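Engineer: My questions will all concern the structure given below.
Every read-out reported here was derived from the displayed coordinates using simple, explicitly stated rules and does not represent laboratory data. Here the structure is a predicted model, which means the values were calculated and not measured. Cβ placement follows ideal geometry from the backbone for every residue including glycine, while neighbour counts extend to all protein chains displayed.
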């Protein structure tokens, strides 16, 4: 995982943005990477990779934010209204088929 290129997509953006933010918060608090690593129960190389935006593990970022006294909240955001509509339509079609007895051979909850 560490040798992979995370420059593409949301993962790369997340790592770069949060890596920079972690470094900024650590420097503001006046603590070393070693101190943060100890507080987060990680090793110094993990702190360095995260700050450089090269660690794609969400668990690492969560531990580092917690080590700095912060909590990281991720909120889901709908990026495609059509996807939700398509899923709702498919669910309705399945319900209609179930009511018509066309799905009686399968287990439904």
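Engineer: Please report 15, 80 as a ranked list, fewest other C-beta atoms within 10 angstrom at the top and most at the bottom.
Structural biologist: Placing the least packed residue first, the sequence is 80, 15.
Engineer: Order by neighbour count: 55, 38, 96, fewest other Cβ atoms within 10 Å first, most last.
Structural biologist: Sorted ascending by nearby Cβ count, the order is 96, 38, 55.
Engineer: Just grab the label-to-label distance for residue 16 and residue 80, each label 7 Å out from Cα along the Cβ direction, in nm (one decimal).
Structural biologist: Here the modelled spin labels are 2.4 nm apart.
Engineer: Run a plain Debye calculation on segment 9-67 (Cα atoms as equal point scatterers, no solvent) and give log10 I(q)/I(0) at q = 0.12, 0.19, 0.20 Å⁻¹, rounded to two decimals, same order as the q list.
Structural biologist: -0.22, -0.55, -0.61
Engineer: Extension gain residue 59-residue 91, at 0.36 nm per residue separation less the Cα-Cα distance, in nm?
Structural biologist: Using 0.36 nm per residue and subtracting the Cα-Cα distance, I get 8.2 nm.
Engineer: By counting other Cβ atoms within 10 Å of each Cβ, how are 59, 48, 32 ranked from fewest to most?
Structural biologist: Ranked by crowding around the Cβ, least crowded first: 59, 32, 48.
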